[in-house]
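The values are calculated or read from the model by the stated rules, or taken from the named source; none is laboratory data. Predicted, not measured: the structure shown is a model, and the values here were computed from it. Positions of Cβ are backbone-derived with ideal geometry, glycine not excepted, and every protein chain shown enters the neighbour counts.
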């Protein structure tokens, strides 16, 4: 759990240090803007924005049972963030797999993308789709009320 917070905490720490330097040099506006940028980057890379990741094998097993898509993603990917944000609350209904934490997931993504770790790769009914439109992904499952 604490490992997933390392990058966000480092971003906040670095932003705080740089902002403090700007503040002491007499640039409070720049300091505040820069700190805000670092905090937003930390939030985008935190576990708060992505649902809890599971392993590739577990995700495939669950998908076979409930028919929901599996999303292979990695931290720092702007396309993964776009997909997550555009799916909104429904994103939690999908099975999210972090390819940097699961070698089997990375291998599955590379097999689907000619040896590249291109994410997000969404697997629907056993078929991989690389960087699909979020609207299309939303159509692939029927959200519950």
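The figures follow:
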{"quantity": "Candidates 82, 52, 101, 74 - the one that is at pLDDT 85 or above, within 23 Å of residue 5 (Cα to Cα) and loosely packed, with under 15 Cβ neighbours inside 10 Å", "calculated": "82"}
{"quantity": "Single condition residue 103 does not satisfy, out of (1) under 18 Å from residue 125 (Cα atoms); (2) over 14 Å from the mean Cα position of the chain (by Cα)", "calculated": "(1)"}
{"quantity": "All positions within segment 61-71 that are buried (at least 18 other Cβ atoms within 10 Å of the Cβ) and either over 19 Å from residue 133 (Cα atoms) or out of contact with any strand residue (DSSP E or B) (no Cβ under 9 Å at 6 or more places or on another chain) (or both)", "calculated": "63"}
{"quantity": "Failed condition for residue 69, given (1) over 12 Å from the mean Cα position of the chain (by Cα); (2) not assigned by TED's automatic domain parsing to the domain that holds residue 119", "calculated": "(2)"}
{"quantity": "Hey, residue 15 under 16 Å from the mean Cα position of the chain (by Cα) and touching a residue at least 12 places away in the same chain (Cβ under 8 Å) or not", "calculated": "no"}
{"quantity": "Test: residue 112 is surrounded by fewer than 20 Cβ atoms within 10 Å (Cβ to Cβ), free of Cβ contacts under 8 Å to residues at least 40 places away in the same chain and under 16 Å from residue 63 (Cβ atoms)", "calculated": "yes"}
{"quantity": "Failed condition for residue 8, given (1) over 22 Å from residue 126 (Cβ atoms); (2) modelled with pLDDT under 90; (3) loosely packed, with under 13 Cβ neighbours inside 10 Å", "calculated": "(3)"}
{"quantity": "Members of segment 79-106 that are touching a residue at least 40 places away in the same chain (Cβ under 8 Å) and over 21 Å from residue 49 (Cα atoms)", "calculated": "104"}
{"quantity": "Filter result for residue 51 (assigned by TED's automatic domain parsing to the domain that holds residue 127 and either touching a helix residue (DSSP H, G or I) at 6+ places or on another chain (Cβ under 6 Å) or in contact (Cβ under 8 Å) with a residue 12 or more places away in the chain (or both))", "calculated": "no"}
{"quantity": "Enumeration of residues in segment 92-115 that are assigned to a loop (DSSP other than H, G, I, E, B) and in contact with a strand residue (DSSP E or B) (Cβ under 6 Å, 6 or more places away or on another chain)", "calculated": "94, 99, 113"}
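Every residue, every condition in (1) over 12 Å from the mean Cα position of the chain (by Cα); (2) over 30 Å from residue 13 (Cβ atoms); (3) assigned to a loop (DSSP other than H, G, I, E, B); (4) modelled with pLDDT of 90 or more, yes or no:
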| site | (1), (2), (3), (4) |
| --- | --- |
| 43 | no, no, no, no |
| 48 | no, no, yes, no |
| 57 | yes, yes, no, yes |
| 62 | yes, yes, no, yes |
| 90 | yes, yes, no, no |
| 117 | yes, no, yes, no |
| 122 | yes, yes, no, yes |
| 136 | yes, yes, no, no |
